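One structure is given below, encoded as structure tokens.
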Amino acid sequence: MSGRNLYQKVLEEFGHSIVTGVFPPGHHTTVAELEARYGISRSVAREVVRVLENLRLLRSSTKVGIVVTEPSEWNLLAPEVIRWRLDSSGKAFQLRTLTELRRGIEPTAARYAAQRVTWQQIQELRRSAAEMKELGRAGKGDSQEFLAADIRFHAALLAASGNEMLAALEGTISAILRGRNELGMTPALPADENLDNHVALADALADGDVQRAERLAAAIVDVVEQEVIQPAVG
């Protein structure tokens, strides 16, 4: 296994173990222990620790060593943390909180996008929505092609808001969509209503209809909750 692949494997395994509680808050370790546990070099161990420190899952000092932090300290919007939390026993809770986050973000982005969207962004939104509709009605809602179109649509929506803070959340929203797909929680046959809502949202943005755009963006998240969140909780 190449050095890069080994680093990625250990990062995924150690990060996932922290988020799922295998290594609980307050757990102490050292670079030497990580070397021995995963059979890696000191440079790889240090790089893994550096990345997990950036995600605020670890804290290190010369006096204390490396310590797993409390969940309240984690960077919960980071795509890696979202993915690891979705692949845990707390999946249902994570899905609920992520859906609530989307409900707070995307209708607002749609409201601003109706006032600021560019012609090029409208074309991207319409292309992505049309592709989602075609794939979804063909029973391919759980495919990688559908996922890619879904990610492109929502990335374009955030960018179209013209707000750099909302646009910066693209990675977070993409991680939510990707994580749901990887866990097999995206239906092969998405609700027709939701496929139509994506198309209608692109049209509302093109028309500059602020209220309709905001309403449709909220409706998209509502259908996701019915399709994915409620079954997971139940």
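The values are calculated or read from the model by the stated rules, or taken from the named source; none is laboratory data. Quick caveat, the model's predicted, so the values are computed rather than measured. All Cβ positions, glycine included, derive from the backbone under ideal geometry; neighbour counts span all protein chains shown. Note: areas computed on protein heavy atoms with side chains; ligands, DNA, RNA excluded. Shrake-Rupley method; radii C 1.70, N 1.55, O 1.52, S 1.80 Å.
Tell me, what HN-Hα J-couplings in whole Hz come from the Karplus equation 6.51 cos²θ - 1.76 cosθ + 1.60 at θ = phi - 60° for each residue of the range 25-35, using x for Gly and Pro?
Result, rounded to whole Hz: x, x, 4, 9, 8, 9, 4, 4, 5, 5, 4.
Enumerate the lysines that Lys133 could reach by cross-link, defined here as Cα to Cα under 28 Å, with residues fewer than 8 away along the same chain left out.
List returned: Lys91.
Where a ≥ b ≥ c are the square roots of the eigenvalues of the C-alpha gyration tensor, would you call the range 34-84 rounded, which needs a/c under 1.5, or, failing that, prolate if a/b is larger than b/c, or oblate?
oblate
Using +1 at the C-beta of Lys and Arg and -1 at the C-beta of Asp and Glu, which of Ala175, Leu195, Ser161 has the Cα lying farthest in the positive direction of the dipole of the range 108-234?
Ser161
Under a cut-off of 19 Å between alpha-carbon atoms, report the aspartates and glutamates in cross-link reach of Lys9, not counting same-chain residues fewer than 8 places apart.
By straight Cα distance, Lys9 reaches Glu33, Glu35, Glu47, Glu53, Glu80, Asp87, Glu182.
Quick one: net charge of Leu76's neighbours, Cβ under 13 Å, K/R +1, D/E -1? Display every interim value, and only then the final one.
On the way: positive: Arg56, Arg83, Arg85; negative: Glu70, Glu73, Glu80, Glu100.
Within the 13 Å Cβ shell, the charges total -1.
For Thr62 and Trp119, what does the FRET efficiency come to when R0 = 45 Å and r is the distance between their Cβ atoms, rounded to the nearest 0.05?
0.20
Using a simple spin-label model with points 7 Å from Cα along the Cα→Cβ vector, what separation in nm is obtained for Glu145 and His28?
Placing both labels 7 Å beyond Cα along the Cβ direction yields 5.6 nm.
Mind ranking Val223, Val210 by accessible surface for me, highest first, 1.4 Å probe?
Highest to lowest solvent-accessible surface, that is Val210, Val223.
Suppose every Lys and Arg Cβ carries +1 and every Asp and Glu Cβ carries -1, with no other charges. What dipole size does the range 28-115 come out with about its Cα centre, to the nearest 20 debye? Write down the numbers at each step before the final one.
Working: 14 positive and 10 negative charges, 29 e Å.
Around 140 debye, computed over the range 28-115.
Over the chain, give the accessible area per residue in Å² for a 1.4 Å probe, as an integer.
Result: 48 Å² of accessible area for each residue.
Kindly write out, for the range 70-77 in residue order, the coupling ³J(HN,Hα) from the Karplus curve 6.51 cos²θ - 1.76 cosθ + 1.60 (θ = phi - 60°), rounded to whole Hz, with x marking Gly and Pro.
Residue by residue, the range 70-77 yields 6, x, 5, 8, 5, 7, 5, 8 Hz.
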